[in-house]
Amino acid sequence: MFDTALTAADFAFLAKGAGVTILVTLVSVLAGTVLGILFGVFRYQVGPVLAAPLTFVLDIFRSIPLLIQLVLANAFLGTILRLNISGFAVACIILSLYTAAFCAEIVRGGIEAVPATTRRAARSLGMTWGQDMREIVLPLATRVALPSWIGLALGVMKDSALVYIVQVTELLKSTQILITRLQEPLLLLMICGAFYFVISFPLARFGGYLEKRWSND
C-alpha cells in the first residue's frame with residue numbers, strides 16, 4: 001500500500017512555489033522580449049560597428065552563467081549600492097536582461113531572414129521605414145523567430161530554478177524544502193516534474209499550433 005507523509009498543505013506549498021516560478025517567468029520573458037526586440041532591431045538597423053558596445057554587453061549576459069549573474073547582481077545591488085531591493089526583483093531584472101540578450105539575437109536573425117528584395121519592393125511602393133517594419137518585416141521575421149523564441153521562453157522557465165540563490169522560494173526550492181523535511185525525494189521530485197510539465201506544455205503546444213497554421217497560409 002502506498003504511504004506518504006505529504007499533506008494537502010504541503011501540496012499547496014508546492015503549488016505556491018509553482019506560482020512564483022510562473023510569475024518570475026512571465027515577468028522576465030515579457031520584459032526580456034520587449035527589450036530583445038528593441039535591441040535586435042537596433043543592431044540590425046545601425047550595423048555591427050555602431051552596435052558594437054551593445055553587442056558586447058549582450059555577449060556578457062549570454063556568456064556568464066546565470067547563477068553567477070544572480071549572485072553578483074544581488075551582492076552589487078544589496079551590499080555595494082545598499083539598495084533595499086527584494087530577491088524577487090533581482091531575479092526578474094537579471095532574468096529579463098538574460099532573456100533580452102538571447103532574444104535580441106533571435107530578432108536580428110529573423111529580420112535578416114527577410115529577403116532584401118521584399119524590403120526594396122515595399123519601399124518602392126512608398127512605404128516608410130516604420131510601415132515596412134510593421135507590415136512586412138516583423139510579420140515575416142516572427143515566423144522565422146518563433147521556434148527559437150519558444151525554446152528561449154521554456155529555457156527561462158527552467159532556469160528560474162536558480163533564483164533560489166537570491167532567496168526566492170520557487171518550485172524547485174519548495175521541493176527541496178519538503179524533501180529535507182519529509183525525506184521522500186522520489187515522490188516529491190515526480191510532483192515537481194509534473195508541475196514543470198503542466199507549466200511548459202501549453203506554451204510548447206501553442207508554438208506548435210502557430211507554426212502549423214502559418215505553414216498552411
Unmet requirement for T180, which otherwise passes all of (1) surrounded by 12 or more Cβ atoms within 10 Å (Cβ to Cβ); (2) more than 20 Å from I37 (Cα to Cα); (3) at pLDDT 90 or above: (1)
The lone exception for F206 - which of (1) in a helix (DSSP H, G or I); (2) hydrophobic (A, V, I, L, M, F, W, C); (3) buried (at least 21 other Cβ atoms within 10 Å of the Cβ) it fails: (3)
Subset of segment 184-195 (residues that are touching a residue at least 24 places away in the same chain (Cβ under 8 Å) and either among the β-branched types (V, I, T) or out of contact with any helix residue (DSSP H, G or I) (no Cβ under 7 Å at 6 or more places or on another chain) (or both)): E184, L187, I191
Selection within segment 128-170 - in contact with a helix residue (DSSP H, G or I) (Cβ under 7 Å, 6 or more places away or on another chain) and without any contact (Cβ under 8 Å) to a residue 24 or more places away in the chain: D132, I136, Y164
Residue in segment 23-38 that is farther than 25 Å from T142 by Cα and either in contact (Cβ under 8 Å) with a residue 24 or more places away in the chain or more than 15 Å from the chain's Cα centre (by Cα) (or both) present: no
Cβ pairs under 6 Å, 6+ apart, first in segment 48-59 and hydrophobic (A, V, I, L, M, F, W, C), second assigned to a helix (DSSP H, G or I): A51/R43; L58/A101; L58/A104
Yes/no for N84 being closer than 30 Å to T169 by Cβ and either among the hydrophobic types (A, V, I, L, M, F, W, C) or surrounded by 13 or more Cβ atoms within 10 Å (Cβ to Cβ) (or both): no
Any hit, segment 146-165, residues being surrounded by fewer than 16 Cβ atoms within 10 Å (Cβ to Cβ) and outside any helix (DSSP H, G or I): no
Scan of segment 115-141 for residues that are out of contact with any Pro (no Cβ under 9 Å at 6 or more places or on another chain), surrounded by 16 or more Cβ atoms within 10 Å (Cβ to Cβ) and under 30 Å from F201 (Cα atoms), ordered by number: V137, L138, A141
Residue list for segment 83-142, restricted to those being modelled with pLDDT of 85 or more and at positive phi: none
Matching helices (runs of 4 or more DSSP H) fully within segment 1-107 where at least 2 residues are among the small types (G, A, S) and more than 26 Å from P147 (Cβ to Cβ): 8-50, 66-75
Residue in segment 87-99 that is aromatic (F, W, Y) and closer than 30 Å to R143 by Cα present: yes
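The values are calculated or read from the model by the stated rules, or taken from the named source; none is laboratory data. None of these values were measured; they are calculated from a predicted model. Here the Cβ is made from the backbone with ideal geometry for all residues, glycine too, and neighbour counts use every protein chain on show.
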